[in-house]
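Visitor: Please read through the structure below; I'll follow up with questions.
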Amino acid sequence: MSFEQIINDLKQKVYKPIYFLMGDEGYYIDQITDYIANNVLSEEERGFNQTVLYGKDVEAEDIVMAARRYPMMAQHQVIIVKEAQNISNLDALSIYADNPLTSTVLVINYRYKTLDKRKKVYKSIAKAGLIFESKALRDYEIPKWVSSYLQSKGKTIDPKSAALLTEFLGNDLSKITHELDKLELAIGSSVKQITSAHIEKNIGVSKDYNNFELQKAVLSRDIPKANKIILAFGKNPKAYPIQVTTITLFGAFVKLLSYYYLPDKSKHSVASALRINPFFVQDYVTGAKNYPARKVVQIISLLREYDMKSKGFNSSTTEPGELLKEMIFKIMH
């Protein structure tokens, strides 16, 4: 089941006896767990019927004993097990999963790992309850997710601003939603369209000096703009580490190399093949005009070289700002 289907069932008060929530993306695990914790029982019922256990403090047998209790003056009891990845004998849960109580809602958080599908405990839980794998989104998927999240809040964001947010915040959905919620409060309910100016003012990322703008300047071979940006980066290397810049440009030129060999160069076909928003296709059309394929191959090799140098290989005394200047100069000339 998808995250949306699980939440919809919970809203309809359709409960599974076991929810096994696993995977790398903690956001969805937390959302499902918090919804169950806050909604299955009334506030009065929680005192006697809701228990939170931690994997580092319990064994599987302790969970089984707790799950087999009957609720007091309520239809259900809720048992939430956090950090279950720390439980060494988790296989023993299959004893309970083979015959769970329908009056118990057992929620197991198994973060940063996945349960082996070949094991009996997996098969038992899958048969009696629900197993949800929360997969981390890939970088190219985050801007679309940001747009969707804000849309659910009644706001919109342009593709450039969504990409800017992604570049600054990374792919941790919990961190992203925290910042978006703060941004929503800061700009107020009357503002429906979020722009890069809002992001700069309230989150702190510059709308003019960032890796996204540098990538655009390099692809368009706008040397004055690129030099302004790397000068700003050089003055604040902690906020703009060269390693992040190198990875960003590496990704852009790998996509540009792929662009050359696409049989269909229509806007939506390119966007689909390169996994980018159609809004950014023109950047690669421009890049293809400015950089022949042979040069792109050389640039990709150059970026690998400077990534190694930035980590101390063959360049232990060169400042990051100077390395960045060298790298950008060689790319654009």
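Visitor: Would you check which residues across segment 166-177 are at pLDDT 85 or above, of a type outside the set (Ser, Thr, Tyr) and surrounded by 13 or more Cβ atoms within 10 Å (Cβ to Cβ) and list them? Outline the logic, then answer.
Guide: First, the residues of segment 166-177 that are at pLDDT 85 or above: 172-177.
Add one more test, that the residue is of a type outside the set (Ser, Thr, Tyr), and what stays is 172-173, 175-176.
Scanning segment 166-177 gives Asp172, Leu173, Ile176.
Visitor: Also, quick follow-up: Return only the number of the condition from (1) part of a helix (DSSP H, G or I); (2) open to solvent by 20 Å² or more (accessible area, probe 1.4 Å); (3) not small (Gly, Ala, Ser) that Lys265 does not satisfy.
Guide: Of everything listed in (1) part of a helix (DSSP H, G or I); (2) open to solvent by 20 Å² or more (accessible area, probe 1.4 Å); (3) not small (Gly, Ala, Ser), Lys265 misses just condition (1).
Visitor: Can you find even one residue in segment 15-32 that is part of a loop (DSSP other than H, G, I, E, B), modelled with pLDDT under 95 and among the small types (Gly, Ala, Ser)?
Guide: Taking every residue of segment 15-32 in turn, none turns out to be part of a loop (DSSP other than H, G, I, E, B), modelled with pLDDT under 95 and among the small types (Gly, Ala, Ser).
Visitor: For segment 8-50, enumerate the residues that are of a type outside the set (Phe, Trp, Tyr), under 18 Å from Gln85 (Cα atoms) and open to solvent by less than 70 Å² (accessible area, probe 1.4 Å).
Guide: Listed by number, the residues that qualify are Ile18, Leu21, Met22, Gly23, Glu25, Gly26, Ile29, Asp30, Ile32, Thr33.
Visitor: So which pairs qualify, if the first residue must be in segment 123-144 and closer than 17 Å to Met22 by Cα and of a type in the set (Ser, Thr, Tyr), the second must be open to solvent by 50 Å² or more (accessible area, probe 1.4 Å) and in a loop (DSSP other than H, G, I, E, B), the Cβ gap must be under 6 Å, and the two must be at least 6 apart or on different chains?
Guide: Correct list of pairs: Ser124/Asp98.
Visitor: How about segment 209-236: which of its residues are of a type in the set (Phe, Trp, Tyr), within 19 Å of Ser161 (Cα to Cα) and in a helix (DSSP H, G or I)?
Guide: Selection gives Phe212 alone.
Visitor: Answer yes if at least one residue in segment 194-208 is surrounded by 17 or more Cβ atoms within 10 Å (Cβ to Cβ), of a type in the set (A, V, I, L, M) and part of a loop (DSSP other than H, G, I, E, B), and no otherwise.
Guide: So far as segment 194-208 goes, yes, one or more of its residues are surrounded by 17 or more Cβ atoms within 10 Å (Cβ to Cβ), of a type in the set (A, V, I, L, M) and part of a loop (DSSP other than H, G, I, E, B).
Visitor: Taking Arg304 as meeting all but one of (1) touching a Phe, Trp or Tyr at 6+ places or on another chain (Cβ under 8 Å); (2) exposed (fewer than 13 other Cβ atoms within 10 Å of the Cβ); (3) more than 22 Å from Glu167 (Cα to Cα), write down the number of the exception.
Guide: For Arg304, the exception is condition (3).
Visitor: Return the residue satisfying two criteria in turn: it lies in segment 286-301 and is without any contact (Cβ under 8 Å) to a residue 12 or more places away in the chain and not polar (S, T, N, Q), and of such residues it is least open to solvent (accessible area, probe 1.4 Å). Break it down stepwise before answering.
Guide: The first filter runs over segment 286-301 and keeps only residues without any contact (Cβ under 8 Å) to a residue 12 or more places away in the chain, leaving 289, 292, 294-295, 298, 301.
Keeping just the survivors that are not polar (S, T, N, Q) gives 289, 292, 294-295.
Values: Lys289: 159, Pro292: 80, Arg294: 186, Lys295: 39 Å².
Across segment 286-301, the extreme among qualifying residues is Lys295.
Visitor: Give just the number: which of (1) open to solvent by 70 Å² or more (accessible area, probe 1.4 Å); (2) closer than 29 Å to Val270 by Cβ; (3) not in a helix (DSSP H, G or I) does Ser189 not satisfy?
Guide: The single condition Ser189 does not satisfy is (2).
The values are calculated or read from the model by the stated rules, or taken from the named source; none is laboratory data. What you are looking at is a predicted structure, and each value in this text was computed from that prediction instead of being measured. So basically every Cβ, Gly included, is an ideal-geometry build from the backbone, and we count neighbours across all protein chains shown. Only protein heavy atoms, including side chains, enter the accessible area calculation; ligands, DNA and RNA are left aside. Shrake-Rupley method; radii C 1.70, N 1.55, O 1.52, S 1.80 Å.
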